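The values are calculated or read from the model by the stated rules, or taken from the named source; none is laboratory data. Worth saying up front: this structure is predicted, and the values here are computed from it rather than measured. Cβ placement follows ideal geometry from the backbone for every residue including glycine, while neighbour counts extend to all protein chains displayed.
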Amino acid sequence: MTIYYIREGFRGIRRHLLMFLGSVAVITACLTLTGSFALLAENLDYNIGQLIDENEFVAYLEDGMDEDEAAGMESDILAVDNVRDAIYISSEQAMENYLERLEESDRLFADLPEDLLPARYTVYVENIDRLEETSQQVAALDGVDHVTVSLSVAEGFSSTRKVVVTVAALLLAALLAASLLVIFNTTRLAMQGRMEEIAVMKIVGATNGFVRGPFVVEGAVMGLVSGGLACALERGFYEVFQQIIESYQLADLFYVIPFRQVRTIVFAVYLGGGLFIGIFGSVAAIRRLLKV
Amino acid sequence: MIDFQHVSKRYKGAERFAVEDATFQVKDGEFVFLVGPSGSGKTTIFKLITKEEPLTEGSIQVNSFDLNRLKHRRVPFYRRTLGVVFQDFRLIQTKTVAENLAFVMKVINIDPYFIDDRVDEVLNWVDMADKKQRFPHELSGGEQQRVSIARALMNRPEVILADEPTGNLDPELSRDTLRLFERINRELKTTVLVVTHEKVLVDEMNKRVIYLDRGRIVGDRQQGTYEIAGAKGRR
Ligand SMILES: Nc1ncnc2c1ncn2[C@@H]1O[C@H](COP(=O)(O)OP(=O)(O)OP(=O)(O)O)[C@@H](O)[C@H]1O
Ligand SMILES: [Mg+2]
């Protein structure tokens, strides 16, 4: 019985091979497009996550504060709403850190006065969305000279991500609908060519499942082939994307999640999505016909 | 047995009844002609029997099936007890004669092992064994109709329904075709219902005739003729 469905399903595909290939092309494009945007969003998410971990700001203390006074600022800073932690870095410490970061050859600064750099606090916040606001409050404290916040990169990514996610969601809806429509129509056309056969089947007592079987197989194969092609395409696209990032020397700024890590989920979603679209679309197409 | 009790049928959106308050019984092994002017409801009665159309009022019992209570899922199994023959044969053009016959067994899941023998048996019975490998378009109208009758016999139906089976055939072939139904009825003990406009043949075959007019049963004669008036006048 299952063999019958499969044989009839493939016979149907052969009978209208061009239509089948056209549908596969459309569904593959839909899957790949949606998936690519989802992957881009995922990558942006990952990078934003990285940046956000580093999100903190530095509060520079006013000049001429003595060590005790400076250390005493900690409780004032911690008292500000949304501040999670504040780490004191003394003038000398700051210089040490600075020098550590210099290359050997740049040691000409080595004999700078120890108290050249102001003492500061590295302040960590609870809620990243209020970073700006919190930093302003800390800046307003007595004894704090100014603060520096490096938000711009994170914000850039964040707004890009918003766009990408919105586009991905819209695409998902639109392209899912398009894919279903393509399968629906293909099944309808395939059916039209076999109306006389179906009428005979129904009148001699074939069950609905039996009439449906070959069309569902056809739809499922269409979905699976599309899913498979989308997998292959995505793999290629991803590599190209990775190479572009690398060739522009953006790799430090933007970490591309290795394809290995997303491969399983991408393949599962493409094949599963294709299968779902194929079966659902074809079943919907023959539903009305089976009413009688 | 086919048992119609006060059956009415109105198609969706139609003003008048296509069949109205029809009550009749056909016993197992009977041969019945269903006659009446165009639009009198003959095809509708067949569609009610095959459950292609739901009835509006009344009840229909066919063999052990009460069609009002028959679940949608069970309809295919009920239909396997019927054999249906159409005016336009409805053979599948891309399949050979043998494949057309095998098809109706295949689609109800019969083991292929039994199919070939049954195809040969039935083709022999309707005397078409030599045309087994032909395609429908390579056959005459009469031959095509014989194949479609053979197909209706494949699953050993208890009832054969034939809707104007001779409508596309010339008079000589029409006689052969109706004789074939008579033979099916006599030798296979199959209940046969035939809708026809063949006045001469109905008159000469002396079978039970049910008369329909505008959806109503207006006569039912055991050895009837095509014209109801004639039937009255004779007896
Ligand atoms: N699907 C339908 N929808 C609405 N009305 C229908 C439908 N099928 C048939 N009818 C109407 O029902 C009535 C009976 O039609 P039916 O086909 O049963 O007649 P018939 O006796 O078979 O006629 P004919 O000898 O021309 O085949 C007619 O008035 C017809 O117009
Ligand atoms: Mg009719």
Quiz prompt | Single condition B:Ala229 does not satisfy, out of (1) at pLDDT below 95; (2) away from ligand 1 (no atom under 16 Å from the Cβ); (3) closer than 26 Å to B:Lys47 by Cβ | solution = (3)
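Residue by residue, here is whether (1) charged (D, E, K, R); (2) within 27 Å of B:Gly167 (Cβ to Cβ); (3) not assigned by TED's automatic domain parsing to the domain that holds B:Asp170 holds:
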| site | (1), (2), (3) |
| --- | --- |
| B:Ala98 | no, yes, yes |
| B:Lys106 | yes, no, yes |
| B:Phe114 | no, no, yes |
| B:Val119 | no, yes, yes |
| B:Leu123 | no, yes, yes |
| B:Ala129 | no, yes, yes |
| B:His137 | no, yes, yes |
| B:Glu143 | yes, yes, yes |
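Being touching a residue at least 60 places away in the same chain (Cβ under 8 Å) and within 8 Å of ligand 1 (Cβ to nearest atom) is the filter here; which residues of the range B:11-38 pass it? Give the derivation first.
Here is the first cut: in the range B:11-38, the residues touching a residue at least 60 places away in the same chain (Cβ under 8 Å) are B:16-24, B:26-37.
Answer for the range B:11-38, where residues must be touching a residue at least 60 places away in the same chain (Cβ under 8 Å) and within 8 Å of ligand 1 (Cβ to nearest atom): B:Arg16, B:Ala18, B:Val19, B:Gly36, B:Pro37.
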Quiz item: Looking at the range A:253-270, which of its residues are among the β-branched types (Val, Ile, Thr), modelled with pLDDT of 90 or more and surrounded by 12 or more Cβ atoms within 10 Å (Cβ to Cβ)?
Solution: A:Ile265, A:Val266, A:Val269
Quiz item: Would you pick out the residues in the range B:34-70 that are in a loop (DSSP other than H, G, I, E, B), crowded, with 18+ Cβ neighbours inside 10 Å and within 12 Å of chain A (Cβ to nearest Cβ)?
Solution: B:Thr50, B:Lys51, B:Glu53
Practice problem: Pick out the one residue from A:Thr134, A:Thr186, A:Thr207 that is outside the structural domain of A:Gly9 (by TED's automatic domain parsing) and either touching a helix residue (DSSP H, G or I) at 6+ places or on another chain (Cβ under 8 Å) or surrounded by 14 or more Cβ atoms within 10 Å (Cβ to Cβ) (or both). | Solution: A:Thr134
Exercise. Among residues belonging to the range B:78-107 that are of a type in the set (Ser, Thr, Tyr) and out of contact with any Pro (no Cβ under 8 Å at 6 or more places or on another chain), point out the one that is nearest to B:Ile49 (Cα to Cα).
Key: B:Tyr78
Practice problem: Output yes when any residue across the range B:93-101 is crowded, with 19+ Cβ neighbours inside 10 Å, in a loop (DSSP other than H, G, I, E, B), within 11 Å of another protein chain (Cβ to nearest Cβ) and in contact (Cβ under 8 Å) with a residue 12 or more places away in the chain, and no when none is. | Solution: no
Exercise. Scan the range B:44-86 residue by residue and report those that are of a type in the set (Lys, Arg) and within 16 Å of ligand 1 (Cβ to nearest atom).
Key: B:Lys47, B:Lys51
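Any chance you could count how many residues in the range B:119-172 are hydroxyl-bearing (Ser, Thr, Tyr) and either away from chain A (no Cβ under 13 Å) or within 16 Å of ligand 2 (Cβ to nearest atom) (or both)?
Step one: list which residues in the range B:119-172 are hydroxyl-bearing (Ser, Thr, Tyr), which gives B:140, B:148, B:166.
Imposing the further condition that a residue be either away from chain A (no Cβ under 13 Å) or within 16 Å of ligand 2 (Cβ to nearest atom) (or both) reduces the set to B:140, B:166.
Of the residues in that region, 2 qualify.
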Quiz item: Among the residues of the range B:71-89, which ones are at the interface with chain A (Cβ under 7 Å from one of its Cβ atoms) and farther than 17 Å from B:Val122 by Cβ?
Solution: B:Pro76, B:Phe77, B:Arg79
Quiz item: Within the range A:224-265, which residues are under 21 Å from A:Ser23 (Cα atoms) and of a type in the set (A, V, I, L, M)?
Solution: A:Leu224, A:Val225, A:Leu229, A:Ala230, A:Ala232, A:Leu233
Quiz prompt | The one condition in (1) surrounded by fewer than 19 Cβ atoms within 10 Å (Cβ to Cβ); (2) modelled with pLDDT of 80 or more that A:Gly49 fails to fulfil | solution = (2)
